[in-house]
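Just so it is clear, none of the values below were taken in a lab; they were calculated from the coordinates. Being a predicted model, the structure only gives us computed values, none of them experimental. Methodologically, a virtual Cβ is constructed for each residue, glycine included, from the backbone with ideal geometry; neighbour enumeration extends over all protein chains shown.
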Amino acid sequence: MKKSAKKRRSKKAPVALRLVSPLAEVVRRDLREFVIRKGTEALAEALEQDRVALCGPAYGRDSKTSKRRAGSAPGRLVMGGRRVTVPRPRVRDDRGEVVLPSWGELADEDPLDERAVEQMVLGVSTRKYRRSLEDLPSEVAESGTSRSAVSRRFKAMTQKKLEALLSSNLSNVPLVAMLIDGIHVEEHVVLIAIGIDRSGVKHVLGLWEGATEHSRVCMALLNNLVERGVDSQRSLLFVIDGSAALRKAIRKVFGGRGIIQRCQVHKRRNVLDHLPKEMHPSVGKAIRDAYKSPSPAAAKKRLQALAAQLDNEHPGAAASMREGLDETLTVKAMKLPKNLERTLSTTNPIENLNGGVRDMIRRVKRWRGGKMILRWVGAAVLERSRGFRRVRGCKGMSGLLLTLQRNDNRIDSDLDHVAEVA
């Protein structure tokens, strides 16, 4: 008897649970509509108060002002990612329409533009933009959610953000390091530069589009950064992937003040690309272990020994190992804290950024030229930069600052000596 009662109770339980979801949805919908209606009423009251303040109460004339009531007209405001039509009280004077203060503050398109950009970079297509928004009461007329409208807003806003980024003043950013890498999109490459300041904070510095990662494209990026305030007469650490074009451009713009660190991860990949797959684990481990050596001399000795072992069977891998080897040990020679040394020995900080950018832009099905590519990459970079954190080991930045200062002192001393001789 007890068992049957239990069974009856257990059968009823799921029915009650199934009622919760529809009830919650009804309450949620009604609450949203209530809030919207009350908000609309509050807006109407605020606008009417503005009108009273300008031209007096209804059916009354204020002889001290020339402003007068002029009925109302449909007006559009931004609400929940779209424009909605609401009644707009009107006031006129001898010169024409007078904008009510509350309306002037609310009738701003920027929140709508920002919403369109945010939705797009988060993966919502222009076709599905309307579906991503909360529903409004049926009596509220809405617009601005069509595919073409969203696309126009996204294009205009991303262009505006890109122009702001590419014209920003960098003279007040106390840079100590710069990382540069390129993203290839179809037949274009977009170079991205991020900087690290003396407190370990990362900054997006600039972008530059070109057909290839040529030294002229790299020069154009660096010259743009210098024009915007990066001091080419102060030493700066450059962390790059080993690109000969980038190295050449850095030497031309910064001379000896451009201290180059080639990425150790890229070096390992380049060597492994010359080897059969079965050798990748052992050789890769040998390279990683060598870079963990306590001194640059010990690391170089181990890597040269590895190159000697590869010489006979795999001369290409051996040559790749030796090429630019000293520049992969630049940071190790600075005797920085281990965390900071690992951070600045690779391009990982910018590789993580670029990986996020690639995830965002791969949703585009059809590219229409370099300008569109630059806008999309710029929007993705700015979105990802919102999650920037200080670099690991940032508390040891004083060691890097000291190294940069010593390099400046050496160069300045050499220049003074040359001037005296001349």
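With respect to the cross-link table entries Lys248/Lys300; Lys160/Lys371; Lys161/Lys371; Lys248/Lys285, which display a Cα-Cα separation exceeding 19 Å? Spell out each step's value before the answer.
Values: Lys248/Lys300 24 Å; Lys160/Lys371 13 Å; Lys161/Lys371 13 Å; Lys248/Lys285 31 Å.
Long pairs (Cα-Cα over 19 Å): Lys248/Lys300; Lys248/Lys285.
Using amide H atoms built 1.01 Å from N in the peptide plane, name the residues 5+ places from Gly206, or on other chains, whose amide H lies under 5 Å from its own.
Ala193
Set the Förster radius R0 to 30 Å, insert the Cβ-Cβ distance between Asn223 and Leu402 as r into 1/(1 + (r/R0)^6), and round the FRET efficiency to 0.05.
Values: r = 29 Å, r/R0 = 0.95.
It comes out at approximately 0.55.
Based on the Kirkwood radius over alpha-carbon pairs, what value in µm²/s does the Stokes-Einstein equation return for the translational diffusion coefficient of the range 236-381 at 10 °C and 1.306 mPa s?
Details: Rh = 17.1 Å.
Using the Kirkwood radius from Cα pairs, D works out to 93 µm²/s.
Spelling out what I want: for every residue of the range 357-372, take phi, set θ = phi - 60°, compute 6.51 cos²θ - 1.76 cosθ + 1.60 (Karplus), and round to whole Hz; glycine and proline get x.
In residue order, the calculated couplings are 5, 4, 4, 6, 7, 5, 6, 6, 8, 9, 9, 10, x, x, 5, 5 Hz.
Using a Förster radius of 22 Å, what is the FRET efficiency between Asp231 and Ser295 based on their Cβ-Cβ separation? Nearest 0.05, please. Please report the intermediate quantities before stating the final value.
Numbers: r = 32 Å, r/R0 = 1.43.
The computed FRET efficiency comes out at 0.10.
Find the all-direction average of the projected area of the Cα convex hull for the range 266-325, expressing the result in square nanometres with one decimal place.
Values: hull surface 14.3 nm².
Mean projected area of the Cα convex hull: 3.6 nm².
Taking H placed 1.01 Å from N in the peptide plane, check which residues at least 5 places from Arg198 or on another chain put their amide H under 5 Å from its amide H.
Residues meeting the amide H criterion: Val176.
Please report, for the Cα atoms of the range 333-418, the Rg to one decimal and the Dmax as a whole number; what are they, in angstrom?
My reading of the Cα-based Rg and Dmax gives 19.2, 59 Å.
Starting from the range 357-414, pick out the chymotrypsin sites (Phe, Trp or Tyr not before Pro) whose DSSP state is loop and whose Cβ has at most 16 other Cβ atoms within 10 Å. Could you put the intermediate results ahead of the total?
Working: sites: Trp367, Trp376, Phe388; in loops: Trp367, Phe388.
Taking the range 357-414 and a limit of 16 other Cβ atoms within 10 Å, the loop chymotrypsin sites (Phe, Trp or Tyr not before Pro) found are Trp367, Phe388.
Cut-off is 10 Å between beta-carbons; in what order do Ile196, Ile350, Ile411, Ile361 appear when sorted fewest neighbours first?
Ile411, Ile361, Ile350, Ile196
Tell me, what ³J(HN,Hα) does each residue in the range 314-324 have, in order and in whole Hz, if you take phi through Karplus 6.51 cos²θ - 1.76 cosθ + 1.60 with θ = phi - 60° and put x for Gly and Pro?
Each residue's phi maps through the Karplus curve to give 9, x, x, 5, 5, 5, 4, 5, 6, 5, x Hz.
For Arg95, Arg198, what ranking results if the residue with the fewest other Cβ atoms within 10 Å of its Cβ goes first? Mind showing how you got there, number by number?
Details: Arg95 7, Arg198 16.
Going from least to most buried by this count: Arg95, Arg198.
Dividing the convex hull volume of the Cα atoms of the range 223-291 by its residue count, what figure in Å³ per residue is obtained?
Details: hull volume 6.5 nm³, N = 69.
Taking the convex hull of the Cα positions in the range 223-291, it is 95 Å³ per residue.
So what's the gap between the Cα centers of the range 246-320 and the range 170-200, to the nearest angstrom?
Spelled out, the Cα-based centre of one part sits 23 Å from the other.
Listed highest first by mean packing, meaning other Cβ atoms within 10 Å per residue, what order do 294-305, 254-265 come in? List each step's numbers first, then the result.
Working: 294-305: 15.0, 254-265: 19.9.
Output ranking for 294-305, 254-265: 254-265, 294-305.
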